[in-house]
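The values are calculated or read from the model by the stated rules, or taken from the named source; none is laboratory data. These numbers were taken from a predicted model, which means no experiment stands behind them. Using ideal geometry, Cβ is built from the backbone for each residue, glycine included, and neighbour counts are taken over all protein chains shown. Ligands, DNA and RNA are stripped out before the accessible areas are found, and what is left, the full protein with its side chains, is counted by its heavy atoms. Shrake-Rupley method; radii C 1.70, N 1.55, O 1.52, S 1.80 Å.
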Amino acid sequence: MCEHPQCRSKATARAPKSPANRTEFYWFCQSHAAQYNKDWNFFEGMSEDAAKAHAAADFYGHRPTWSFGAGSSARRAAQNASQSFEEGFVDPFDLFGDRPPPGQERAQREYEDPNAGMGRLQKRALDTLNLDPKADKSAVRRRYAELVRQYHPDSNGGDRSMEELLQKVVEAYQILKSCGMG
């Protein structure tokens, strides 16, 4: 039966009870559903900024977005922004579990194991230069300069036996420089 007062027609159309709770519905006959939809204002009670944000997010289906070349931190930021907008994110299957806030888990992991945030090439480059994973830029540059002076043929009276080691040191420094450590 139609839920409109004093209507005894068959309910054939459903209408959401509120914008905040779109899983509960009223059941109306066709004419009362049309009237309800005509009078219903989805943005009622929202600030102008919230209404504009909702309308903008509607373009993407209210899903988090990020630029094509962005890394995982940009994706996490977009997802967090999306979740804070939706208020009350529900994880019915507990897919995400009780995770710490983004970034905190990585910081803890890097504190416990300084190599945790590094790739294989970076670890190998630090090993080549015989440096600690916590080494800063100046320590990397100092060690690089020291090894170049040690292995360079001009420092060894023209002896080219250490040329291969020199090449490895230069490659290691280039790797660390490209990731911001040199």
Seminar exercise, completed: Of those in the range 128-138 that are under 31 Å from the mean Cα position of the chain (by Cα) and surrounded by fewer than 16 Cβ atoms within 10 Å (Cβ to Cβ), the residue nearest to S178 (Cα to Cα) is K137
For this session: Restrict the check to the range 30-49 and report whether at least one residue is in contact (Cβ under 8 Å) with a residue 12 or more places away in the chain, in contact with a Lys or Arg (Cβ under 7 Å, 6 or more places away or on another chain) and either open to solvent by 50 Å² or more (accessible area, probe 1.4 Å) or not aliphatic (A, V, I, L, M) (or both).
Result: no
Exercise. Residues in the range 150-169 that are open to solvent by 50 Å² or more (accessible area, probe 1.4 Å) and in a helix (DSSP H, G or I): how many?
Worked result: 6
Exercise. Do you know which residues across the range 139-149 are over 18 Å from C179 (Cβ atoms) and either touching a residue at least 12 places away in the same chain (Cβ under 8 Å) or open to solvent by less than 70 Å² (accessible area, probe 1.4 Å) (or both)?
Worked result: A145, L147, V148
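Checking the conditions here, which among D136, D154, D94, D127 is modelled with pLDDT under 75 and not aromatic (F, W, Y)?
Criteria check complete, one pass: D94.
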